[in-house]
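Accompanying notes for the structure given below.
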Amino acid sequence: MSRAVLHIAIPSPLRRRFDYLAPMEPVAPGSRVQVSFGRRPVVGIVLGGAAGSDVPLEKLRPVEAVLDTAPLLPPELLELLHWASTYYHHPIGEVCAAALPVALRQGQPAQPRGLRRYRLTPAGTEAGTEQLKRAPRQAALLSRLQRLGIAAGPDDLAELDGWPGAMKRLEEKGWVLAEETLMLPASAATDSAPPLGAAQQAAVDAVSAAFGGYAGFLLDGVTGSGKTEVYLRLIEQALAAGRQTLVLVPEIGLTPQLLERFRRRFPVPIAVLHSGLSDGERLNAWLAARAGLAPIVIGTRSAVFTPLPNLGLIVVDEEHDPSFKQQDGFRYSARDVAVVRAQKAGVPIVLGSATPALESLANAAAGRYTRLELPERAGSAVHPHMRLLDIRHQPLDGGISEPMVRAMRHHLGQGGQVLLFLNRRGYAPVLLCHDCGWVATCRRCDAHLTYHAGQKRIRCHHCGTERPVPQQCGGCGSLDLRPIGHGTERVEEALRARFPDIGVERIDRDATRRKGSLEAKLERVHSGAARILIGTQMLAKGHHFPDVTLVGVLDADQGLFSADFRAGERMAQMILQVAGRAGRAERPGEVVIQTHHPEHPLLRLLIEDGYGAFAAAALVERRQAELPPYSFLALLRAEAPATAVPQAFLEEARRLAESVGHGGVMVLGPVPAPMERRAGRYRAQLLLQAAGRTALHRLLERWLPLLEESKTGRKVRWSLDVDPGEMF
Ligand code: ADP
Ligand code: ZN
Ligand code: ZN
């Protein structure tokens, strides 16, 4: 059969593939080609071929160059991408592009690049850090290299402040050799695995019994209960069987500490894929995974699309984490795609969390996943004790009540450390004129500007606009401008005044902007130089603070009154993640939560009976309100510089949905977004809600082509979000 025509996926907002004339030589699906699209040359992926096209052949343009001699994307991955394109109703070209590292997207050769890595010489292996007392950076680097026992690269060293300079010094001493390498390194060191606890063993046994076929597991265990140890054992088994494991972690979960734990256990190449790496590093990792040379692949969201010829196991750590859902462009959920991938590949998947998503708990209850519980912390650590602190009528100093201060003094007096959590950056969320009531607002958003005292600026947390703090009221000219409310900066100030003799560290995005400053802060906490920490959700993940015995949540009320139905779930997850930082070692921890709503039923359940009870009650509410996981949602968003246009487009969209017949699907809206104006654009949304997935997708299939034809649609920026994670 002659294949005159190639179907090609091209990154473009149009929901279709494009036909080009095939070159003389055969081109297998999954290969990259260069074609001209409009007037520009683009890189596309060959999806398949055919003898003819819907377009007359004389109108088709030829493929200009074939970029790969062998297909870059194997058939099973192409099939997964097709599935994702269909399920998320997103153009196949953009879906395929999302699966490729940048270098390959740009058409560069599918060849590993020579990358610089650093290996210890025998002298360096022998060297002791006591010779480096005056050079702490070199000492830290040397001990990291000695622990890793591999030719280390930026993926291993990223957070060590100033490592390139220190590396030079070590090279000059003859302790380190730089080498250019195409290969991912494998460590030599192997930690031995600790004997498993009974619950861990049961979890490992259940999953190992399922190797070789699809099975879904929800590994539900509090922070420190040994979930990672379970993953490590399962990976060991996959390795022994010669199979690859894909480990997905949330954006801020892929710390060098986690990587080091993997490297110290497994003497095999580990491919690391996340956005903090250079294009070359990602290219090499991706190619090694695709060639089957990396038995372990650890990555964030987009790593779910890595080609893995010998896939044997998938692990999704912190599966509830919202960062698994892409919030713009191709809005996929990496966790959900991972489950489909496991099904298609016929391998087990383990979703792990201390606070599973309500969706996952419902899936487990419905028998779609096997639930594996790790109820106890590993070793001798015990659960922290949680209590609510009623702050109604309580004077607050810097957002901190007197009983909280007393609790802090008690724990500090016993030699413990204190961690305070407030998910609000800056000094104060509002700057108000005491004489006329004027507040500083963003010119481009419906939002207040946050006052940042350190930088003496006011800043919009939605669009990034910022300007110097005004000296005078913008309304009446008064000089009496006052910060209202509390952010972490203000709490830090109050803490320093209250506890002048105790070191305080603030950990949030502002305080850690400079490279290495986070590490320096963590170091001061670990050494005991600082004993009080105040921070945002940056604190909630990844880091361990063994000496923290008191965790204070300053404001639990944020999640209780949000426009987003998931806010309560997120708040509960956040509280428990932060609580998980306490009492990690042998010291019993205490968690104290400030609230104005101590009688709130869901909050009480969470505190008194734990996350499981909270989740069960929250699921009952979801069922009554017909919200996910008991219904299926798609959100059509539209935005434009003029206020009426998005509404007009969504009105038309609504009529079009009615015209195609929306049996079983409710069309709700259009309504303005909860924050209607953002970055100078007006935003509105239309919500589709269905009791079943099939009805929803049947409607979307017929509806989207009509939306693409809409003339009003060209005047707005619109997007469809299937299974939206956020409702604004
Ligand atoms: P999680 O991933 O659930 O937070 P980890 O696997 O990181 O838990 O375990 C928490 C701590 O307990 C780690 O320091 C780990 O090395 C240790 N640990 C885990 N399992 C065991 C075990 N069976 N015996 C001893 N220590 C363990
Ligand atoms: Zn004023
Ligand atoms: Zn703004």
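The values are calculated or read from the model by the stated rules, or taken from the named source; none is laboratory data. Note that the structure is predicted; figures quoted are calculated from it, not measured. Note that each Cβ is placed from the backbone with ideal geometry, even for glycine, and that neighbours are counted across all protein chains shown. Ligands, DNA and RNA are stripped out before the accessible areas are found, and what is left, the full protein with its side chains, is counted by its heavy atoms. Shrake-Rupley method; radii C 1.70, N 1.55, O 1.52, S 1.80 Å.
Values as computed for the structure displayed
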| quantity | calculated |
| --- | --- |
| Scan of the range 427-452 for residues that are over 22 Å from THR643 (Cα atoms), open to solvent by less than 30 Å² (accessible area, probe 1.4 Å) and more than 16 Å from ligand 2 (Cβ to nearest atom), ordered by number | TYR427, ALA428, THR450, HIS452 |
| Verdict on ALA354 being of a type in the set (A, V, I, L, M) and within 16 Å of ligand 1 (Cβ to nearest atom) | yes |
| All positions within the range 126-183 that are of a type in the set (Lys, Arg), more than 32 Å from the chain's Cα centre (by Cα) and not in a loop (DSSP other than H, G, I, E, B) | LYS168, ARG169 |
| Answer from ASP191, ASP220, ASP205 - the residue that is more than 16 Å from ligand 2 (Cβ to nearest atom), within 25 Å of the chain's Cα centre (by Cα) and among the charged types (D, E, K, R) | ASP220 |
| Test: residue in the range 575-588 that is closer than 27 Å to GLN689 by Cα and open to solvent by 10 Å² or more (accessible area, probe 1.4 Å) | no |
| Pairs with Cβ under 7 Å, 6+ apart, first in the range 656-669 and free of Cβ contacts under 8 Å to residues at least 40 places away in the same chain and more than 23 Å from PHE728 (Cα to Cα), second of a type in the set (A, V, I, L, M, F, W, C) and surrounded by fewer than 20 Cβ atoms within 10 Å (Cβ to Cβ) | GLY663/ALA695; GLY664/ALA691; GLY664/ALA695 |
| Residue match in the range 714-722 (condition: open to solvent by 50 Å² or more (accessible area, probe 1.4 Å) and aromatic (Phe, Trp, Tyr)) | yes |
| Number of positions in the range 463-494 that are away from ligand 3 (no atom under 16 Å from the Cβ), open to solvent by 30 Å² or more (accessible area, probe 1.4 Å) and hydroxyl-bearing (Ser, Thr, Tyr) | 0 |
| Complete set of residues in the range 623-652 that are part of a helix (DSSP H, G or I), surrounded by fewer than 17 Cβ atoms within 10 Å (Cβ to Cβ) and of a type in the set (Asp, Glu) | GLU651 |
| Criterion: in contact with a Pro (Cβ under 6 Å, 6 or more places away or on another chain) and within 24 Å of PHE545 (Cα to Cα) - qualifying residue of GLY589, GLY580 | GLY589 |
| Only listed residue being within 16 Å of ligand 1 (Cβ to nearest atom) and in contact (Cβ under 8 Å) with a residue 60 or more places away in the chain, chosen from ARG282, ARG264, ARG243 | ARG264 |
| Hits in the range 673-713 - residues which are surrounded by fewer than 18 Cβ atoms within 10 Å (Cβ to Cβ), touching a Phe, Trp or Tyr at 6+ places or on another chain (Cβ under 8 Å) and within 26 Å of HIS448 (Cα to Cα) | PRO674, MET675, GLU676 |
| Matching residues in the range 546-573 - criterion: being surrounded by fewer than 21 Cβ atoms within 10 Å (Cβ to Cβ) and under 22 Å from MET408 (Cβ atoms) | PRO546, ASP547, ASP555, ASP557, GLN558 |
| Out of ILE270, ILE296, sole residue that is over 18 Å from ALA99 (Cβ atoms), in contact with a Ser or Thr (Cβ under 6 Å, 6 or more places away or on another chain) and open to solvent by less than 20 Å² (accessible area, probe 1.4 Å) | ILE296 |
| Selection within the range 661-672 - open to solvent by less than 30 Å² (accessible area, probe 1.4 Å) and hydrophobic (A, V, I, L, M, F, W, C) | VAL665, VAL667 |
| Test result for THR694, away from ligand 3 (no atom under 16 Å from the Cβ) and without any contact (Cβ under 8 Å) to a residue 12 or more places away in the chain | yes |
| Candidates ALA99, ALA135, ALA51, filtered to the one that is buried (at least 20 other Cβ atoms within 10 Å of the Cβ) and either without any contact (Cβ under 8 Å) to a residue 40 or more places away in the chain or in contact with a Ser or Thr (Cβ under 8 Å, 6 or more places away or on another chain) (or both) | ALA99 |
| Residues (in a helix (DSSP H, G or I), in contact with a helix residue (DSSP H, G or I) (Cβ under 6 Å, 6 or more places away or on another chain) and of a type outside the set (Gly, Ala, Ser)) located in the range 95-125 | VAL95, CYS96, VAL102, ARG105 |
| Hits in the range 404-426 (condition: under 30 Å from PRO672 (Cα atoms) and either more than 14 Å from ligand 3 (Cβ to nearest atom) or open to solvent by 70 Å² or more (accessible area, probe 1.4 Å) (or both)) | LEU422, ASN423, ARG424, ARG425 |
| Single match in SER192, SER187 (criterion: surrounded by 13 or more Cβ atoms within 10 Å (Cβ to Cβ) and away from ligand 3 (no atom under 16 Å from the Cβ)) | SER187 |
| So ARG655, is it assigned to a helix (DSSP H, G or I) and open to solvent by 70 Å² or more (accessible area, probe 1.4 Å) | yes |
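A quick yes/no check of all residues on (1) open to solvent by less than 10 Å² (accessible area, probe 1.4 Å); (2) assigned by TED's automatic domain parsing to the domain that holds VAL249; (3) under 21 Å from the mean Cα position of the chain (by Cα):
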| position | (1), (2), (3) |
| --- | --- |
| ASN310 | no, yes, no |
| GLU318 | no, yes, yes |
| LYS325 | no, yes, yes |
| ARG331 | no, yes, yes |
| ALA334 | yes, yes, yes |
| VAL337 | yes, yes, yes |
